[in-house]
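The values are calculated or read from the model by the stated rules, or taken from the named source; none is laboratory data. No experiment lies behind these values; they were computed from the predicted model shown. Backbone-built Cβ (ideal geometry, glycine too); neighbour counts: all protein chains shown. Just the protein is used for accessible areas: all its heavy atoms, side chains included, with ligands, DNA and RNA removed. Shrake-Rupley method; radii C 1.70, N 1.55, O 1.52, S 1.80 Å.
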Amino acid sequence: MTFLKPSNAIALAVFPSLVALACHFIFGHAAESLLLPKLKAQCPQISLGEETPYRLPYTGAQSIDEALCGIVAFFHASFGPQVAPFLTYFLLSCAPILAHVYFESYRPNRPFTLAFPLVFALAMQLLSFGATFSVYWLVFVVSGAAQSPSLGRQTMVTKAHAQSTLFGIFIGMIILTGCMMVLQDPYITAIWQAFPVAVSVASFFHLLVRPASQHPDSGFEIIRGFYLASFIIISSLHLSFITSKSMDELKALLSISFKWDAVFGLLASLLGTVWFGRNLKQILGLLAWNLLATPLVGPGAAFAGAVLWRESRLHEDIKSVKTE
């Protein structure tokens, strides 16, 4: 049985452990650093009609507005000059990972558990990136999606689906995140929390205008271009980031509240790419790539390089099937 394969057994040992560690460090750090009391202090109980800088009528529902107040206060504390560059770097590094989730949901014959990327994206917002994507990669591996066999067009993401995904990422993540970082308005920050919904909605409407039935050709060139651009942008930002900071400034990053979220989410995603390998040589090559590329170009760029390699292999499979 596929589920009992040795590679799945390893995944069942690795990724649940990452979930447990992510929850321990992410939520444990929040408790140890007294983050929650600090956020609560910025969201005091107020009378009807009163407002504080972050306790605002975002939705009109008191319980939701109270929760959003703490979230907004947390993000606005990250907009300072010491933390904002790392937040930008972190969010850009997540872009190719989120795009991968959407691309996989459009791949023919994909497992049912991967058909709803919005579920994982919203869970990321509610339960943390680190814990959620440790679960995602476990599902991705044990479902058999990681080692897609040579199925010709059955593995192909169409041009329409590739375009709709990138349009959704651009509108829901890039534009909305840019507005949040530049405007630093509490209402925009509150709206940003639902950016996965914006990604999915924008993708849906793009498909209405350019349906897959009318644009069934391969989207490989578009996907390859996106991952190449991601690699260049993230690696450039990574090099600029580490060369422009002093050792003391880099050490200061260890005190950032959301560092563990980034660590475990990116670590799980990089480990997940190791299962792209179809034989021992490829597995060791992917492992070596991640170990070498992560410190040199950054984890986001390392991930983009690994998924680009996988997409190229799948594209070669499709071409070989067509020529038979």
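Summary of values
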read-out	value
Above-threshold pairs, the threshold being 25 Å between Cα atoms, out of Lys251/Lys281; Lys5/Lys281; Lys40/Lys251	Lys251/Lys281; Lys40/Lys251
Highest-MSF residue in the chain out of Gln184, Gln45, Gln163 [GNM, Cα springs under 10 Å]	Gln45
Ordering of 259-268, 63-72, 109-118 by packing [mean C-beta count within 10 Å, highest first]	259-268, 63-72, 109-118
Kirkwood hydrodynamic radius (C-alpha pairs) into Stokes-Einstein, the chain, 20 °C and 1.002 mPa s, D in µm²/s	103
Cα-Cα P(r), segment 45-149, percent of pairs per 5 Å interval	2, 10, 16, 16, 14, 13, 11, 9, 5, 2, 1, 0, 0
Alpha carbon convex hull of segment 239-319, volume per residue in cubic angstrom	94
In order through segment 282-294: 3J(HN,Hα) via Karplus (6.51 cos²θ - 1.76 cosθ + 1.60), integer Hz, x for Gly, Pro	5, 4, 5, x, 5, 5, 5, 4, 5, 5, 7, 6, 4
Whole-percent pair-distance distribution, where bins are 10 Å wide, for the alpha carbons of segment 159-208	31, 45, 20, 3
Cα-derived Rg to Rh of segment 182-324, Kirkwood definition	1.04
For the chain, cysteines whose Cβ has no other cysteine Cβ within reach (under 4.7 Å)	Cys23, Cys94, Cys179
Residue-averaged [θ]222 nm for the chain, counting only DSSP H segments that reach four residues, each worth -39500 (n - 2.57)	-23000 deg cm²/dmol
Fraction of accessible area attributable to carbon and sulfur, the chain (%, probe 1.4 Å)	70
Solvent-accessible heavy-atom area per residue, rounded to whole Å², over the chain at 1.4 Å	48
Mean Cα-pair separation over length for the chain, i.e. relative contact order, pairs under 8 Å, 6 or more apart, %	24
Most to least accessible of Ser218, Ser164 (protein chains only, probe 1.4 Å)	Ser218, Ser164
